[in-house]
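Engineer: Take this structure, written in structure tokens, and hold onto it; I'll ask about it next.
The values are calculated or read from the model by the stated rules, or taken from the named source; none is laboratory data. A quick note: this is a predicted structure, and the numbers were derived from the prediction, not measured. Cβ placement follows ideal geometry from the backbone for every residue including glycine, while neighbour counts extend to all protein chains displayed. For accessibility, only protein heavy atoms count, side chains too; no ligands or nucleic acids. Shrake-Rupley method; radii C 1.70, N 1.55, O 1.52, S 1.80 Å.
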Amino acid sequence: MGTTAKEEMARFWEKNTKSNRPLSPHITVYEWSLPMAMSITHRGTGVALSLGVSLFGLAALLLPEQFPHYLATVKSLSLGPALIYSAKFALAFPLSYHTWNGVRHLV
């Protein structure tokens, strides 16, 4: 007769406990490397770009005014150059990094 999944799992863990096998390695055993960091950053910028495009599209559909109205509102806030350049960098970095890292991956 066949065994149930619960019985199979119990046999599996009993065998592993008797043989003193180590568990799978956790992330703490891996040494950080540049490709690992670049891969994580690539995924993060991809998620950020997807969310940004989705939110921009949703805003374009739901907000009552046209884009020039909101641009004029932001200009009227008289934000300092440091904040403006930081915002520009926050918009440009994910796009440029994700694009060039994708090209690097394809090459």
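Engineer: Within segment 65-105, track down each residue that is under 20 Å from the mean Cα position of the chain (by Cα) and of a type in the set (A, V, I, L, M, F, W, C).
Structural biologist: If the condition is that a residue be under 20 Å from the mean Cα position of the chain (by Cα) and of a type in the set (A, V, I, L, M, F, W, C), then 87, 89, 90, 91, 92, 93, 95, 100, 103 are the ones that fit.
Engineer: Hey, another quick one. Pairs, please: C-beta under 9 Å, at least 6 apart or cross-chain, first residue open to solvent by 100 Å² or more (accessible area, probe 1.4 Å) and in segment 62-77, second of a type in the set (A, V, I, L, M, F, W, C)?
Structural biologist: 67/60
Engineer: For segment 49-65, give me the residue count where each residue is under 22 Å from residue 98 (Cβ atoms) and out of contact with any helix residue (DSSP H, G or I) (no Cβ under 8 Å at 6 or more places or on another chain).
Structural biologist: So the count comes out to 9.
Engineer: What number of residues within segment 1-54 are over 30 Å from residue 89 (Cα atoms) and among the β-branched types (Val, Ile, Thr)?
Structural biologist: So the answer is 6.
Engineer: What are the residues in segment 18-37 that are open to solvent by less than 100 Å² (accessible area, probe 1.4 Å) and out of contact with any Phe, Trp or Tyr (no Cβ under 9 Å at 6 or more places or on another chain), if any?
Structural biologist: Residues satisfying the conditions are 19, 25, 29, 33, 35, 37.
Engineer: Still on this structure: How many residues, within segment 6-52, are small (Gly, Ala, Ser) and either modelled with pLDDT under 80 or touching a strand residue (DSSP E or B) at 6+ places or on another chain (Cβ under 7 Å) (or both)?
Structural biologist: Qualifying residue count for the region: 1.
Engineer: Which of the residues that make up segment 12-28 are of a type outside the set (Ser, Thr, Tyr) and over 30 Å from residue 40 (Cα atoms)?
Structural biologist: Residues satisfying the conditions are 12, 13, 14, 15, 16, 18, 20, 21.
Engineer: Looking at segment 78-107, which of its residues are open to solvent by 80 Å² or more (accessible area, probe 1.4 Å) and outside any helix (DSSP H, G or I)?
Structural biologist: 78, 107
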